[in-house]
Amino acid sequence: MPNHNTKNSFRILTYNIHKGFSMSNRRFVLHEIKQAVEATAADILLLQEVYGEHSEWRNKLENWPEQSQFEFIADQLWPHHAYAKNAVYDEGHHGNAILSKFPISDWHNLDVSLMKKASRSLLHARIDCPAGRPLNLICVHLGLFGFERRRQMETLSHYIRSEIPADEPLIVAGDFNDWLLRARKHFTANPGLDEAFKHGSGRYARSYPSWLPMLKMDRIYSRGLETVSIEHLTGPHWRRLSDHTPLLAEFRFPANS
């Protein structure tokens, strides 16, 4: 497997894995998802809709992993990880996960739920990258309704301003459910975040639904970093997996940082 990482650069992948099932929910594809993300040579994964536990599926599916889905994907490649529950129910729970090749020095989960039946949270982790440079990561999965997203983006914007030092590099990525492109006014005008695909190609990536991506749901925003490359992972292989398609970007720390 190629190693794209240097002391000054790293590769970020964001992916809503749809709880390990295909878009139609007919196939359990977590094993294929694991193989696919391993092949990207990403250094850090920001995952949404990840099962931490589900007793019903564990009893029904022979190939259900013994450990949580994020631990199963992490395996030996991403030894450092953080997981936060978004939704808890009788059978188990699911949420956001950050998997990293680099040590996670601290992490925090911010509950931004506005409705009991639509639990949402923002997972913030601080990573110790090579050469001793800290990196802040926020894994996002926002609500389906406009009023939810507006409040959640306001909360996120305030959290960034109040909790993350302005001179520390930051990545905010995940499933924004923001097909109307309202997030940009919160992130570009206030915290000064640039979206990697908008900045690099002039347009946001169309990441949903995976069989024919039309909606611009998933994003990778950055601050205090230089974008090296961007890649929207599409095609027949990815179509057979989740209902979303993943986004991959490589960043580097500025030479004078």
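Below are the figures for this structure:
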quantity: Given (1) crowded, with 20+ Cβ neighbours inside 10 Å; (2) under 18 Å from L47 (Cβ atoms), number of the condition C129 does not satisfy; calculated: (2)
quantity: Residue match in region 119-137 (condition: farther than 17 Å from S222 by Cβ, modelled with pLDDT of 90 or more, part of a strand (DSSP E or B) and small (G, A, S)); calculated: no
quantity: Selection status of G192, at positive phi, in a loop (DSSP other than H, G, I, E, B) and among the small types (G, A, S); calculated: yes
quantity: Out of E62, E71, sole residue that is surrounded by fewer than 20 Cβ atoms within 10 Å (Cβ to Cβ), over 14 Å from the mean Cα position of the chain (by Cα), free of Cβ contacts under 8 Å to residues at least 12 places away in the same chain and part of a loop (DSSP other than H, G, I, E, B); calculated: E62
quantity: Test: residue in region 90-100 that is of a type in the set (S, T, Y), modelled with pLDDT under 95 and not in a helix (DSSP H, G or I); calculated: no
quantity: Boolean, Y204 is surrounded by 17 or more Cβ atoms within 10 Å (Cβ to Cβ), in contact with a strand residue (DSSP E or B) (Cβ under 8 Å, 6 or more places away or on another chain), without any contact (Cβ under 8 Å) to a residue 24 or more places away in the chain and among the aromatic types (F, W, Y); calculated: yes
quantity: Residues that are of a type outside the set (V, I, T), over 21 Å from A87 (Cα atoms) and touching a residue at least 24 places away in the same chain (Cβ under 8 Å), drawn from region 28-59; calculated: H31, E32, K34, A36, E38, A39, A41, A42, D43
quantity: Unmet requirement for S113, which otherwise passes all of (1) under 15 Å from the mean Cα position of the chain (by Cα); (2) over 18 Å from R219 (Cβ atoms); (3) among the small types (G, A, S); calculated: (1)
quantity: Residue within region 111-127 that is in contact (Cβ under 8 Å) with a residue 60 or more places away in the chain, under 28 Å from E250 (Cβ atoms) and charged (D, E, K, R) present; calculated: no
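Yes/no per residue for (1) among the aliphatic types (A, V, I, L, M); (2) in a loop (DSSP other than H, G, I, E, B); (3) surrounded by 15 or more Cβ atoms within 10 Å (Cβ to Cβ):
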residue	(1), (2), (3)
A41	yes, yes, yes
L47	yes, no, yes
L77	yes, yes, yes
H81	no, no, yes
A84	yes, no, yes
N109	no, no, yes
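The values are calculated or read from the model by the stated rules, or taken from the named source; none is laboratory data. Predicted, not measured: the structure shown is a model, and the values here were computed from it. No Cβ is skipped: glycine too gets one built from the backbone with ideal geometry, and neighbour counts run over all protein chains shown.
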